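These notes concern the structure reproduced below.
The values are calculated or read from the model by the stated rules, or taken from the named source; none is laboratory data. All values reported here derive from a predicted model rather than from experimental measurement. Quick reminder, even Gly has a Cβ in these numbers, built from the backbone with ideal geometry, and neighbours come from all protein chains shown.
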Amino acid sequence: MREEIENYINENYNTLQEYPWTKYPNYTTFKHRNNKKWFALIADVQYEKLKIEKEGMVDVINLKNLPEMIGSLRKENGILPAYHMNKEHWITILLDGTVEKQKICDLIDISYELTR
């Protein structure tokens, strides 16, 4: 699903996709061209770092959302408190099929607008 999500962002937004960390070659950021603000971060992390009792790695996307929506979003399967981001304004979404692609795309759209 990671590739599909990256394609969605690249096809729908004129953004900068960067791989800023040599230590984490699979971490990619998506930023606005004008203000350079991130609206998405895609990474692969260990399930245990997300407090999920499962072995192995999972692709995730971090997205910004309205603080008043964060609580209800995190009640949904596959949507978690933000990994390494401000938990009041950001969420982490598993890219393992738990959350439907359309829902993720809708949340990407919101994140893009909030960071304009």
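Filtering segment 31-69 to residues that are surrounded by fewer than 19 Cβ atoms within 10 Å (Cβ to Cβ), of a type in the set (A, V, I, L, M) and closer than 20 Å to T115 by Cβ leaves L66, M69. Restricting attention to segment 67-116, the residues that are assigned to a loop (DSSP other than H, G, I, E, B) and either among the acidic types (D, E) or within 21 Å of E48 (Cα to Cα) (or both) add up to 18.
Scanning segment 8-23 for residues being in a strand (DSSP E or B) and either touching a residue at least 24 places away in the same chain (Cβ under 8 Å) or small (G, A, S) (or both) gives a total of 1. Listed by first and then second residue, the pairs linking a residue in segment 103-115 that is free of Cβ contacts under 8 Å to residues at least 60 places away in the same chain and under 11 Å from L73 (Cβ atoms) to a residue that is surrounded by fewer than 21 Cβ atoms within 10 Å (Cβ to Cβ) and not hydroxyl-bearing (S, T, Y), with Cβ atoms under 7 Å apart and 6 or more places separating them unless they lie on different chains, are L107/N65; I110/N65. All conditions in (1) farther than 17 Å from E18 by Cβ; (2) part of a loop (DSSP other than H, G, I, E, B) hold for N34, with the sole exception of (1). Listed by first and then second residue, the pairs with beta-carbon distance under 7 Å, at least 6 apart or on different chains, first residue in segment 64-91 and more than 20 Å from V45 (Cα to Cα), second β-branched (V, I, T), are N65/I91; N65/I110; I70/I91; L73/I79; L73/I91; E88/I70.
For the structure I just gave you, tell me whether N26 is loosely packed, with under 14 Cβ neighbours inside 10 Å, farther than 20 Å from I79 by Cβ and in contact (Cβ under 8 Å) with a residue 40 or more places away in the chain. Criteria not met by N26. Going residue by residue through segment 40-51, is there one that turns out to be closer than 17 Å to E3 by Cα, over 11 Å from the mean Cα position of the chain (by Cα), at pLDDT 95 or above and part of a strand (DSSP E or B)? Yes, that holds for at least one residue. Quick check, is K31 without any contact (Cβ under 8 Å) to a residue 40 or more places away in the chain and touching a Lys or Arg at 6+ places or on another chain (Cβ under 7 Å)? When the stated conditions are applied, K31 passes them.
Considering only segment 79-98, how many residues are buried (at least 18 other Cβ atoms within 10 Å of the Cβ) and either in contact with an Asp or Glu (Cβ under 6 Å, 6 or more places away or on another chain) or over 21 Å from T115 (Cβ atoms) (or both)? Final tally of qualifying residues: 2.
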